[in-house]
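Report on the structure given below.
The values are calculated or read from the model by the stated rules, or taken from the named source; none is laboratory data. In this text the structure is predicted, and so the values were computed from the model without any measurement. Here Cβ is always computed from backbone atoms with ideal geometry, including for glycine, and neighbour counts include all displayed protein chains. Heavy atoms of the whole protein, side chains included, go into the accessibility calculation; ligands, DNA and RNA do not. Shrake-Rupley method; radii C 1.70, N 1.55, O 1.52, S 1.80 Å.
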Amino acid sequence: MSASFASALDAARDAAAAQHYPQGALYVVATPIGNLADITLRALHVLQLADTVACEDTRHTQSLLRAYGIDKNASQLLAVHQHNEAEAAQNVVQRLRDGQRVAYVSDAGTPGVSDPGARLVAAVQGAGLRALPLPGASSITTALSAAGAVAHSAEHGGFLFAGFLPVKNAERASAIGQLAGEPRCVVLLEAPHRIGELAQALAVLGERPVTLARELTKQFEEVVTQPAQALTTWLEGAPQRSRGEFVVLLHPVPVASDDGESLRVLRLLLAELPLKTAVRLSAEITGASRNVLYDTALGWKKGEPQGD
């Protein structure tokens, strides 16, 4: 048993063992996104209790379990990843019907959000069996909590999770164009070898604040907010800034008050002029922020209501 987690396993049994853990159920278990200490006591208890641990990568999960002092043999580990999820789900369903407790973990974080797991849960529920969530670490909520990017207004509160954007330049640019008018915070994910390309593509958003969160919960964790047009310069400022997995948050679009004179002028000019020209003239005439007017106009172009 790993000496550093021996007391944690004892605490897990003391804290969680009194709860009922039915047989024939799938336990969807969140695991740390970097720091091994970010595991819940209930997760440790269920991982010990499980007859089978389904996972993205059996070698990775075996190493994770051993770090906690949990011993599972090879027959108790079942690969369920994005390439075999539909077929492997039937194996899990059969094990549940045989009365097993099956825990499912992704390589890191909460399964079924960006990582595999959704098809597995759907198959289990479709078979009339139970799927029980064990909440824990998530790169998405971790980044959101440290970025101050979620608005709480009734009109534009909350956030939109968009995940990984397309790899091809034209498709990615199109996706960013659609997101440009989204007034809520937008959450993206990106790999280190593509973060430079994403930063360049996001430059079209100009002054819109963007938070880059990388290496979350790890030794070299970094959370920084820059204008979209400055992201490339920031990344190129030091080699390590492009390392690690990224969560990218587009901060909410500031929306001009709908009863302002600036919006009335902007609507009139947009009817006759190109967007950038209409925004520039509206700002000069009314003194309103050009960035706010531009973002508002983009929202209208993407189908946002323009009022009466």
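Details
- Rounded, prolate or oblate (a/c below 1.5 giving rounded, otherwise prolate when a/b exceeds b/c) for region 134-191 by Cα gyration tensor: oblate
- Ranked by how many other beta carbons lie within 10 Å on average, peptides 280-288, 179-187, 68-76 from highest: 179-187, 280-288, 68-76
- Of the options [x] 1.15; [y] 0.99; [z] 1.08, only one is Rg/Rh (Cα atoms, Kirkwood Rh) as computed from these coordinates, and that is [z].
- Approximate spin-label separation Lys218-Gln19, in nm, with each point projected 7 Å along Cα-to-Cβ: 2.9
- Inter-part distance where region 156-223 and region 42-84 are each reduced to a Cα centre, Å: 32
- In Hz, Karplus ³J(HN,Hα) per residue of region 209-215 (6.51, -1.76, 1.60; θ = phi - 60°; x = Gly, Pro): x, 10, 9, 9, 10, 10, 6
- For the chain, share of DSSP beta bridges that run antiparallel, in % to the nearest 5: 50
- Its relative contact order, with pairs defined as Cα atoms under 8 Å and 6+ residues apart, puts the chain at 16 percent.
- The chain: calculated mean residue ellipticity at 222 nm from DSSP helix runs of at least 4, using -39500 (n - 2.57): -12000 deg cm²/dmol
- Protein accessible area in the chain, 1.4 Å probe - carbon and sulfur %: 50
- Within a Gaussian network of the chain (alpha carbon springs, distance under 10 Å), most fluctuating of His193, His83, His20: His20
- Take Lys276: with every protein chain present and a 1.4 Å probe, its accessible area is about 150 Å².
- Phi to ³J(HN,Hα) by Karplus 6.51 cos²θ - 1.76 cosθ + 1.60 over region 4-13, Hz, x for Gly, Pro: 5, 10, 4, 5, 5, 5, 5, 5, 4, 5
- Note that the chain presents 49 Å² accessible area per residue, ligands and nucleic acids not counted, probe 1.4 Å.
- Region 1-125 - Rg over Rh from alpha carbon coordinates, Kirkwood radius: 0.94
- Summary value for region 1-117: 39 percent relative contact order, contacts being C-alpha pairs under 8 angstrom separated by 6+ residues.
- Amide H contacts of Val28 (H built 1.01 Å from N, in plane; Pro and chain starts excluded): Tyr104, Leu132, Leu134 sit under 5 Å, all sequence-distant by 5 or more or on other chains.
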